[in-house]
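First up is the structure itself, then whatever we jot down about it.
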Amino acid sequence: MYDFKNKRKNIQEANKYMLAKTASMFEYSGLPETIPAHELEKIIQTHGFAFITRAPDGELYAFAGTMGGEMDAYGNPQDIIIANTYLKFNKTLNIAKDGVLIKNDDFYIGLMPLYEKANTFLVENDINMMLWGYNSRTQKLMSAPDDKTKESADSYIKKIIDGDLSIIADNAMFDGVK
């Protein structure tokens with residue numbers, strides 16, 4: 001069930017949903033078996049780039065890495081550090097000589113910052129809409145003088161949140177709640 005209050009989870013789910021849509025927009029042919037198209041696109045879109053090189057097993061793989069080292073004349077990094085525990089591959093490579101760099105964009109940003117912002121707004125809007133819906137069904141503040149009346153009032157609020165259109169309560173609740 002959708003928990004509108006779980007912001008982080010809802011943003012992450014929306015991000016994954018957007019990535020599923022955007023990754024399916026691209027078709028590749030001729031990729032080696034070690035580079036599934038969906039994995040390549042996932043790396044490119046989430047990290048802003050993928051670096052394709054041979055791993056110690058001699059096969060080609062797409063990696064996300066950390067770029068750095070000396071800069072070229074335009075301030076672009078010339079090295080990439082690959083660390084992949086599964087393949088036992090941990091090495092600093094020269095971007096121009098040791099593989100192929102595929103960029104998502106000129107600034108190596110990828111889509112995640114855009115998705116995080118947009119989906120944060122959408123999730124916040126979901127919360128606002130849910131709360132507006134609850135509040136529009138009950139325009140009251142309640143005070144309860146004892147635990148039994150408070151439990152009845154809590155039950156009343158829960159039923160409103162659950163979507164009940166008519167709620168029957170006992171006289172004790174109506175007499176005690178102000």
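The values are calculated or read from the model by the stated rules, or taken from the named source; none is laboratory data. In this text the structure is predicted, and so the values were computed from the model without any measurement. Virtual Cβ from ideal backbone geometry, glycine too; neighbours counted across all protein chains shown. Heads up: the accessible areas ignore ligands, DNA and RNA and are worked out on the full protein's heavy atoms, side chains in. Shrake-Rupley method; radii C 1.70, N 1.55, O 1.52, S 1.80 Å.
Yes or no, residue by residue, for (1) open to solvent by less than 40 Å² (accessible area, probe 1.4 Å); (2) under 30 Å from G133 (Cα atoms):
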site: N6; (1), (2): no, yes
site: G58; (1), (2): yes, no
site: A62; (1), (2): yes, no
site: M67; (1), (2): no, no
site: N84; (1), (2): no, no
site: L87; (1), (2): yes, no
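When the strands (runs of 3 or more DSSP E) confined to segment 33-76 are screened for residues that are modelled with pLDDT under 95, over 22 Å from the mean Cα position of the chain (by Cα) and on the phi < 0 side of the Ramachandran plot, those reaching at least 1 such residues are found at 66-71. Picking from residues in segment 12-32 that are assigned to a loop (DSSP other than H, G, I, E, B) and among the aliphatic types (A, V, I, L, M), the one that is farthest from L101 (Cα to Cα) is M25.
Among the residues of segment 89-125, the ones that are part of a loop (DSSP other than H, G, I, E, B) and either exposed (fewer than 14 other Cβ atoms within 10 Å of the Cβ) or small (G, A, S) (or both) come to 7 in all.
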